[in-house]
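The values are calculated or read from the model by the stated rules, or taken from the named source; none is laboratory data. Worth saying up front: this structure is predicted, and the values here are computed from it rather than measured. No Cβ is skipped: glycine too gets one built from the backbone with ideal geometry, and neighbour counts run over all protein chains shown. For the accessible areas, the whole protein counts, side chains as well, though only heavy atoms, and no ligand, DNA or RNA atoms are used. Shrake-Rupley method; radii C 1.70, N 1.55, O 1.52, S 1.80 Å.
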Amino acid sequence: MNLQRLDPDDDAAVTAAMALGEAARAADTPYNPPSHRRSFVGHLRYGWDGEPSTVWLLYHPDRSGEVIGRLSLGTSERDNLHLTDLGITVHPEHRRQGIGRALFEEGLARVRASGRRLIVTGTVEAPGPSAFAKAMGFTRASIEVQRRQDLTAVDHAHVGQLLEQARKASTDYSLLRFVDAVPEEYVEQIAAMTAAINDAPTDDLDVEDEVFTAERIRAFEHAFRESGSTLYRLVARRESDGELAGHTIVGASPEQPDFAYQLDTAVLGAHRGHRLGLLLKAEMMAWIAQAEPAVRWVDTWNAESNAHMISINEALGYQIVSRHFGWQRDV
Ligand SMILES: CC(C)(COP(=O)(O)OP(=O)(O)OC[C@H]1O[C@@H](n2cnc3c(N)ncnc32)[C@H](O)[C@@H]1OP(=O)(O)O)[C@@H](O)C(=O)NCCC(=O)NCCS
C-alpha cells in the first residue's frame with residue numbers, strides 16, 4: 001500500500017486531506033460543523049497537548065491529488081505506554097472495497113513493530129463502523145455521548161435557581177478567570193487539578209491514569225493557541241486556604257464563531273459536595289455568552305456512565321447529538 005506521510009507544511013496534501021475529512025463529515029456526522037484549516041493544521045502539528053498523531057494518506061491510484069483514505073496512529077510518552085490510538089477514514093465513495101481493512105493491516109503492522117500491545121479506536125454509533133471494528137477484531141469497551149447546548153434556548157430562570165443553590169453550598173469558594181495561559185504561580189496546582197479527570201469513568205477500556213505535569217499544561221495551551229482557539233478557564237479556589245478545587249475549560253475559535261467546545265471539567269475529591277461542578281458550568285455559560293457573543297452552540301462529550309456530570313449538563317439544557325463507541329484490541 002502506497003501511503004504518504006502527511007506533512008503539515010505541504011499545502012496541497014493538507015487541502016487533499018481536508019477534502020477527505022469533509023466528505024466523511026458530510027456522510028457520517030453531518031450535525032458537526034466542518035473543520036477549518038488553521039485548527040486542522042494546528043492539530044496535525046501539536047495534537048491535543050503536544051503529542052500529535054502521525055497521519056498517512058492513501059491517494060487515488062488514477063485521479064491525481066485525490067485522497068481516498070487516511071490512517072493515523074497516536075501514542076503518548078507520558079503514560080499509557082502500552083497503547084496506540086488508531087484512526088481510519090475511507091472516502092464515502094470508496095467504501096466496501098477493502099480499503100479500510102488494508103489500512104488497518106498497515107496500522108497493525110506498525111503498532112506491532114513499535115512493541116505496544118493494545119490498539120484503541122473510536123467510532124460513531126452506526127452499523128457500518130461497528131461492523132468494521134468487529135471485523136477487525138476489536139471489542140467494544142466504552143460509550144461516550146456527545147451533547148449540545150443551544151445558548152438561545154437556555155431556561156435562564158431554572159439555571160438561575162440552580163446557581164443560587166450552588167452559591168449557597170459553596171460560600172467558601174471564589175472563582176478565578178484565566179484566558180489562554182494560566183499564570184505561572186498556579187500552573188503546578190492546575191496540573192494536579194487536571195489529574196482529577198482520571199476519576200471520570202473509562203468503562204472497560206484497558207487504560208491507566210494519565211499523568212499531568214506543568215509541562216503538559218503548557219503544551220496544551222500552546223497547541224490550542226497555535227490552532228487559533230481561545231481557552232476560557234474558570235477555576236474555583238477555596239478562600240480559607242487558597243487551594244484550587246476545580247475548574248472548567250471552554251475552547252472557542254473565530255474560524256467557527258457559532259460553536260464552542262466544552263473541554264475538561266473536574267472537581268478534586270476533597271472539594272466535592274459543594275455543587276462546584278454546577279457553579280463552574282453555569283458561571284462559564286454566562287462568561288461565554290458575554291465574551292463570545294457569536295457562539296450559539298456548545299458541545300460536550302461524557303462517558304455515558306458519568307451520571308453526575310450528565311445530570312449537571314442536562315440541567316443546563318444540553319441535549320444528545322450522538323453516541324460514540326470506544327473499541328480495543330490486543331496486538
Ligand atoms: C469504517 C470504515 C473505515 C470502513 O472502511 P471500508 O473501506 O468500507 O472497509 P472495508 O471495505 O475494508 O471493510 C472491511 C470489513 O468491515 C466490515 N464492514 C465495513 N463497512 C461495513 C458496513 N457499512 N456494513 C457492514 N459491514 C461493514 C465488513 O465485514 C467488511 O468486510 P467485507 O466487505 O468483506 O464484508 C469507513 O466506513 C469509514 O471511514 N467510516 C468513518 C470513520 C470510521 O468509523 N472509522 C473506523 C474507526 S477506525
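What FRET efficiency comes out for His308 versus His60 if R0 is 41 angstrom and r is the Cβ-Cβ distance? Round to the nearest 0.05.
Working: r = 48 Å, r/R0 = 1.16.
According to the calculation, E is roughly 0.30.
With +1 on each Lys and Arg Cβ and -1 on each Asp and Glu Cβ, how big is the dipole of the range 3-116 about its Cα centre, in debye rounded to the nearest 20? Mind dumping the intermediate values first?
On the way: 14 positive and 16 negative charges, 52 e Å.
Using Cβ point charges on Lys, Arg, Asp and Glu, the range 3-116 gives about 240 debye.
For the chain, with only Lys/Arg (+1) and Asp/Glu (-1) charged at the beta-carbon, what is the dipole magnitude about the Cα centre, in debye rounded to 20? Display every interim value, and only then the final one.
On the way: 34 positive and 48 negative charges, 144 e Å.
Dipole of the chain, to the nearest 20 debye: 700 debye.
With every protein chain present, what is the per residue accessible area of the chain (1.4 Å probe, Å²)? Walk me through the numbers on the way to the answer.
Numbers: 15640 Å² over 331 residues.
Counting only protein heavy atoms, the per-residue value for the chain is 47 Å².
Take Ala26 and Gln4, extend 7 Å from each Cα along the Cα→Cβ direction, and tell me the distance between the two endpoints in nm.
It works out to 2.2 nm between the two label points.
Around Tyr46, what is the net charge, scoring Lys/Arg as +1 and Asp/Glu as -1 over all other residues with Cβ under 14 Å from its Cβ? Before the final figure, lay out the partial values.
On the way: positive: Arg38, Arg45, Arg216, Arg218, Arg225; negative: Asp9, Asp49, Glu51, Glu215, Glu221, Glu226.
With Lys, Arg at +1 and Asp, Glu at -1, the net is -1.
Quick one: net charge of Ser322's neighbours, Cβ under 14 Å, K/R +1, D/E -1? All intermediate terms of the calculation are to be shown ahead of the outcome.
Details: positive: Arg25, Arg147, Arg148, Arg323; negative: Asp28, Glu125, Glu144, Asp299, Glu304.
With Lys, Arg at +1 and Asp, Glu at -1, the net is -1.
Computed FRET efficiency, Cβ-Cβ of Arg38 and Ala214, R0 22 Å: what is it to the nearest 0.05? Could you put the intermediate results ahead of the total?
Numbers: r = 26 Å, r/R0 = 1.20.
That pair, Arg38 with Ala214, gives E of 0.25.
Pop out the carbon and sulfur fraction of the accessible area of the range 3-116 as a percent, whole number, probe 1.4 Å. Present the calculation step by step, with values, prior to reporting the outcome.
Details: 2770 of 5760 Å².
With neighbouring chains kept in place, the figure for the range 3-116 is 48 percent.
Please name which of Gln328, Ile288, Trp301 has its Cα lying farthest along the dipole of the range 177-331 towards the positive end, using unit charges on Cβ (Lys, Arg +1; Asp, Glu -1) and the Cα centre as origin.
Positive-end residue among those listed: Ile288.
If you roll a 1.4 angstrom probe over the protein chains with everything in place, what fraction of the accessible area of the range 147-322 belongs to carbon and sulfur, to the nearest %?
Details: 4050 of 7980 Å².
Within the range 147-322, the accessible surface is 51 percent carbon and sulfur.
Which net charge results for the neighbourhood of Ala13, defined as the other residues with beta-carbon distances under 10 angstrom from its beta-carbon, given Lys and Arg at +1 and Asp and Glu at -1?
Values: positive: Arg5; negative: Asp7, Asp9, Asp10, Asp11.
Around Ala13, the charge tally is -3.
Using the Cα gyration tensor of the range 182-331, with a ≥ b ≥ c the square roots of its eigenvalues, what is the shape: rounded (a/c below 1.5), prolate (a/b larger than b/c) or oblate (neither)?
It comes out rounded by the Cα gyration axes.
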